[in-house]
Each structure stands twice: as C-alpha cells, then as structure tokens.
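Reading through the structure tokens given below for one structure.
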Amino acid sequence: MPRPIRKAVFPVAGLGTRFLPATKAIPKEMLTIVDRPVIQYVVDEARAAGIEHFVFVTGRNKSVIEDHFDNQIELEMALAERGKDDALSALRSELPPAGATSYTRQQAPLGLGHAVWCAREIVGDEPFALLLPDMVGQAETGCLSQMMAAYEKHGGNVIAVEETTAEQVHRYGIVGVGEKDETGFEITEMVEKPDRDNAPSNFYISGRYILQPEIFGILEHQASGADGEIQITDAMIGLAQSQRFTGVRFDGRTFDCGSKAGFLAANVAFALARPDIAPDFRAELDKIIGAVAATRNKAAE
Ligand code: UTP
C-alpha cells in the first residue's frame with residue numbers, strides 16, 4: 001500500500017499578466033466563477049479527495065487568499081443577526097479546519113517548478129498532491145479523486161491528462177502513452193511545449209499531480225527551461241528516470257482559467273450547472289446568442 005496523500009500544494013504566486021488590469025491588485029485565483037473564487041473550487045476538489053493539509057505558495061499582493069480561507073467573525077455575526085442561516089452554514093462548510101492551512105512565499109516568480117520547491121519544508125518527506133489553481137475541472141467526481149485509484153495500484157507519481165488537438169500541443173506539457181490498465185497508463189516520456197511534429201501524443205498535462213518527495217531534490221538543481229522559468233515538467237523528466245509515472249485520463253472537462261476564453265467558458269458552464277440560476281441565465285444567453293445571430297444575418301444580406 002503506497003503512503004497516503006495528506007498534503008496538497010497550491011502554487012498561487014504567478015503574476016497573472018494575461019488578466020491585467022484585473023489582476024493588478026486582485027490575485028487571479030480570486031476572480032470568481034459565478035459566485036466563488038477560482039481557488040475555492042480547487043481547494044474543494046482536494047478536500048473531496050481526502051487532503052488534510054493545504055499548502056499555499058503565495059507572493060506579493062496575495063494575502064487576500066489567506067483572508068478568504070480564514071474566519072470572518074464580523075461577517076458571521078451579521079449573517080446570524082439577519083437570520084441568513086444558509087449563507088452562514090455555506091461559509092462555515094467551506095472553511096478548512098483550524099491548523100490545516102500553511103502559507104509560504106515565493107519571493108520572485110521564477111516559475112512553477114520553483115514555486116513547488118518553495119513548499120519543500122512544509123511538505124517534508126512524504127508524497128503530495130499538486131493542483132494548479134487556474135485549471136478548474138468540472139466533473140461528477142473531482143480529478144484528484146479520480147487519480148487516487150491509479151496511485152493506490154501503482155504508487156509512484158500520477159499525472160492527470162486530457163486530449164488536445166495537434167495544433168494546440170505546443171501550449172502544454174505532453175506525455176507519451178505506454179502500457180494501459182483499468183486505472184490509467186504508464187507514461188513513457190514527457191515533453192514541455194513540443195511542436196506538433198515532436199509531440200509523442202495529443203495528451204496534455206492538465207494541472208493535477210501526485211508527486212513523490214524526491215522531486216524537491218531535483219528541483220533544487222533544476223535549470224530554467226521553456227520561457228526562462230524553472231519548469232515542473234523538466235524536474236518530472238528527471239524523476240521519471242528512477243520512478244514510475246502513471247497517466248490518468250480525466251473523466252470530465254478542465255477549463256484553463258488562466259486564459260480569458262477558458263475563464264469565461266468556465267463561468268458559462270458552472271452557471272448552467274447551478275439549478276438556482278441556470279433558468280434565468282439560459283434565458284439571458286439565448287437573448288445574447290439570438291441578437292448576435294440577427295446582427296450576423298443582417299451583415300450577410
Ligand atoms: P501560469 O504561468 O499560468 O501563471 O502558472 P501566471 O504566470 O500567473 O500567468 P500569466 O501567464 O502571467 O497570466 C500556472 C500556475 O503556477 C503559478 C501561478 O500562480 C499559476 O497558478 N506560478 C507560476 C507560481 O506560483 N509561481 C511562478 O513563478 C509561476
């Protein structure tokens with residue numbers, strides 16, 4: 001039986017330049033999908049998979065994330081006084097238990113790999129989950145929960161993947177597909193942002209990982225890679241020389257909320273999945289789509 005996965009790392013120290021000016025003073029992880037911050041969805045996914053300790057690697061201007069996962073006593077009192085019990089219990093249920101969060105700072109955004117390395121002292125010598133907060137999955141069972149079966153069977157390292165097109169492979173880390181079983185497949189190679197002719201498959205790494213602690217020793221000496229940043233994929237390639245990596249195809253859909261189109265699509269998809277607002281929202285969408293189609297038809301006449 002492999003060692004249990006108790007801790008999850010959330011790297012939230014990036015600059016979020018693609019969302020400027022929105023992210024000048026607000027971290028991109030606090031932008032909302034419907035009425036909840038992006039980071040809340042990802043923390044909920046980790047909790048549902050049995051994670052007990054939540055490690056945030058933050059940076060300047062990110063302290064609001066810490067506040068979000070803390071008690072807001074005045075707010076709770078005001079809700080109680082006004083009899084808003086549903087809102088109050090929703091707030092309370094989303095709060096991680098006392099002592100279950102840790103925060104450390106990445107002092108300069110040197111890359112995702114470097115952000116993960118910054119969590120080494122808090123994670124210690126045990127396997128851990130890594131969740132990229134800007135990748136938000138929509139599924140009946142969360143992505144990290146889906147990965148646990150492969151981890152229980154094979155141990156080692158597990159990566160969630162999804163399919164993309166040959167035209168898009170240059171945007172992602174891409175894996176090679178080896179022997180398969182009911183839980184996933186053996187990863188034969190990993191390439192960061194390959195051009196389409198050198199991509200081993202169309203399966204891209206979609207932002208969820210279970211990693212063994214030996215990754216920290218490799219990250220310590222990892223040189224900068226693509227985009228001049230210290231890349232987690234490069235360190236995983238090093239670790240794959242001595243440890244197994246299993247790929248799990250996520251049964252669901254991931255929205256890349258680091259891109260504007262992905263973030264907007266996530267808002268539409270999650271709003272349509274919410275019974276409390278879906279009927280009104282669908283009517284609004286129909287109006288917008290109808291108006292756009294009418295303008296297009298007029299232009300074509
Ligand atoms: P991204 O590259 O998508 O985030 O990193 P970014 O740099 O904030 O975005 P843009 O391109 O400038 O808009 C993926 C995840 O890794 C974190 C980010 O916060 C994001 O959650 N990250 C990235 C760090 O924590 N530190 C880094 O140095 C880089």
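Values in this text are rule-based calculations from the coordinates and carry no lab data. Since the model is a prediction, treat every value here as computed from it, not as a measurement. Neighbour counts run over all protein chains shown; Cβ positions are idealised from the backbone, glycine included.
Computed from backbone phi with θ = phi - 60° and the Karplus coefficients 6.51, -1.76 and 1.60, the 3J(HN,Hα) list for segment 7-15 is 10, 10, 10, 10, x, 10, 9, x, 7 Hz; x is used for glycine and proline. Going from the residue with the fewest nearby Cβ atoms within 10 Å to the one with the most, Lys62, Lys193 rank Lys193, Lys62.
Take every pair of alpha-carbon atoms less than 8 Å apart whose residues are at least six positions apart; their mean separation over the length of segment 1-116 yields a relative contact order of 36 percent. The reciprocal of the average 1/r between distinct C-alpha atoms defines the Kirkwood hydrodynamic radius, which for segment 143-301 equals 18.1 Å. Summarising the amide proton neighbourhood of Val161: residues at separation of 5 or more, or on other chains, whose placed amide H is nearer than 5 Å comprise Ser206, Val248, Arg249, Phe250. Each 10 Å bin from 0 upward holds the following percent of the Cα-Cα pairs of the chain: 6, 25, 34, 22, 10, 3, 0.
Counting neighbouring beta carbons within 10 Å and listing from fewest to most, the residues His53, His221 come out as His221, His53.
Of Leu88, Leu219, the sequence from fewest to most neighbouring Cβ atoms within 10 angstrom is Leu88, Leu219. Comparing Arg274, Arg196, Arg244 in a Gaussian network model of the chain, where Cα atoms under 10 Å apart are tied by springs, the biggest mean-square fluctuation is seen for Arg274.
Counting 0.36 nm for each residue step from Glu81 to Glu126 and taking away their Cα separation leaves a gain of 11.7 nm. Here is how the number arises for the chain: DSSP H runs of 4 or more residues each give -39500 (n - 2.57), the sum is divided by the residue count, and the result at 222 nm is -10500 deg cm²/dmol.
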